[in-house]
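Asker: If you scroll down you'll find the structure; I have some questions about it.
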Amino acid sequence: NIPVITIDGPTASGKGTVAHRVAERLGFHLLDSGALYRLTALQALRRQTPLNDEHALAKLAEHLHIGFTGEAIFLSSENVTDAIRAEEVGNTASKIAALPAVRQALFGLQLGFRKAPGLVADGRDMGTVIFPNAQLKVFLTASVEARAERRYKQLIGKGISANMDDLLMDLKARDDRDTHRAIAPLVPAEGAHVLDTSDMTVELAVEQVMNWYAA
Ligand code: CDP
């Protein structure tokens, strides 16, 4: 029984960073499930697939040629690590993630990440849908202001110009879509530990998750 730790939460809650560090500490594999939705979104934008063509989008998702090498992410041998982080790609990802056929198309692919010695999976529905029997489930959250500020610093740090009001608006719109969609809505899984990281450093959040796992 290969252990799984799920870390779900809203956008910019820090779950990606925390998941990464916990995986590193335990020597576990990492599943960044959001990247799968972003890869599908990037492909859809490039091919100009209409965002209401559920069938075509699911086909795209099903036939993605994905490669994860260390921190780099490849789409058919092209390094798209930065390309998939664009705000437009994130917004498109959150729209297509509401389509059941797209989620279904990515289901088996995600299960395949469960390999020895263990997996840390981050996303929205890791604990509710994909790995409901995970050994540890965490729901990371933070106030919308704290999250907008983090995203702002991330973008500025990468030399990308950003506007706080626009970020706040985008963030709220994405939260709204992720929590109110009919399929796999963003809610804490049954038995999940909820961690509010508004006033918490990444290091402390990692320690807390490690302590829960050890307990
Ligand atoms: O970086 P951020 O937290 O904003 O997003 P992400 O984790 O890369 O995911 C991008 C989008 O994919 C999210 O806004 C969700 O709508 C969707 N997603 C999902 O529906 N289920 C997952 N397990 C992961 C992501």
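The values are calculated or read from the model by the stated rules, or taken from the named source; none is laboratory data. As the structure is a computational prediction, the values presented were derived from the model and not from experiment. Cβ coordinates were reconstructed from backbone atoms using ideal geometry, including for glycine residues, and neighbour counts include every protein chain displayed. Side chains are part of the model used for accessible areas, which takes the heavy atoms of the whole protein and leaves out ligands, DNA and RNA. Shrake-Rupley method; radii C 1.70, N 1.55, O 1.52, S 1.80 Å.
Asker: List pairs: first in segment 198-215 and part of a helix (DSSP H, G or I), second among the polar types (S, T, N, Q), Cβ under 6 Å, 6+ apart or cross-chain?
Answerer: Val202/Thr17; Ala205/Thr197
Asker: Looking at the structure I just gave you, is Lys115 open to solvent by 70 Å² or more (accessible area, probe 1.4 Å), within 12 Å of the ligand (Cβ to nearest atom) and either touching a His at 6+ places or on another chain (Cβ under 7 Å) or in contact (Cβ under 8 Å) with a residue 12 or more places away in the chain (or both)?
Answerer: On the way: open to solvent by 70 Å² or more (accessible area, probe 1.4 Å): yes; within 12 Å of the ligand (Cβ to nearest atom): no; either touching a His at 6+ places or on another chain (Cβ under 7 Å) or in contact (Cβ under 8 Å) with a residue 12 or more places away in the chain (or both): yes.
No: the conditions fail for Lys115.
Asker: All but one of (1) open to solvent by less than 70 Å² (accessible area, probe 1.4 Å); (2) free of Cβ contacts under 8 Å to residues at least 40 places away in the same chain; (3) under 18 Å from Lys15 (Cα atoms) hold for Ala162, so report the exception by its number.
Answerer: Every condition holds for Ala162 apart from (3).
Asker: Would you call Leu195 modelled with pLDDT of 90 or more, over 20 Å from Thr6 (Cα atoms) and open to solvent by less than 80 Å² (accessible area, probe 1.4 Å)?
Answerer: no
Asker: Hey, another quick one. Going through Asp170, Asp176 one at a time, which residue ends up being of a type outside the set (Lys, Arg), buried (at least 17 other Cβ atoms within 10 Å of the Cβ), within 14 Å of the ligand (Cβ to nearest atom) and assigned to a helix (DSSP H, G or I)?
Answerer: Criteria check complete, one pass: Asp170.
Asker: Only one of Phe68, Phe74 is more than 28 Å from Ala189 (Cα to Cα), without any contact (Cβ under 8 Å) to a residue 60 or more places away in the chain and among the aromatic types (Phe, Trp, Tyr); which?
Answerer: Matching residue, one of Phe68, Phe74: Phe74.
Asker: Still on this structure: Have a look at Val202, Val206 and point out the one that is touching a Gly at 6+ places or on another chain (Cβ under 7 Å) and more than 10 Å from the ligand (Cβ to nearest atom). Break it down into steps so the answer makes sense when it comes.
Answerer: On the way: Val206 fails: touching a Gly at 6+ places or on another chain (Cβ under 7 Å).
None of the other options fit; the residue is Val202.
Asker: Right, here's the next one. Can you tell which of Leu140, Leu186 is within 15 Å of the ligand (Cβ to nearest atom), surrounded by 15 or more Cβ atoms within 10 Å (Cβ to Cβ), under 29 Å from Phe28 (Cβ atoms) and modelled with pLDDT under 95?
Answerer: From the options Leu140, Leu186, the qualifying one is Leu186.
Asker: For residues that are over 15 Å from the mean Cα position of the chain (by Cα) and open to solvent by 10 Å² or more (accessible area, probe 1.4 Å), scanning just segment 1-20, find the one that is farthest from the ligand (Cβ to nearest atom).
Answerer: Asn1
Asker: Sticking with this structure for a sec: If Gln135 satisfies all but one of (1) under 16 Å from the mean Cα position of the chain (by Cα); (2) on the phi < 0 side of the Ramachandran plot, what's the number of the condition it fails?
Answerer: Among (1) under 16 Å from the mean Cα position of the chain (by Cα); (2) on the phi < 0 side of the Ramachandran plot, the lone unmet condition for Gln135 is (1).
Asker: Where in segment 24-110 are the helices (runs of 4 or more DSSP H), entirely inside, with at least 2 residues that are loosely packed, with under 14 Cβ neighbours inside 10 Å and not aliphatic (A, V, I, L, M)? Step through it out loud before you land on a result.
Answerer: Values: elements: 33-47, 54-62, 87-96.
Result: 33-47.
Asker: Those residues that are farther than 21 Å from Met210 by Cα and either touching a Cys at 6+ places or on another chain (Cβ under 7 Å) or outside any helix (DSSP H, G or I) (or both), I need them from segment 111-121; list them, please.
Answerer: Gly112, the sole residue that qualifies.
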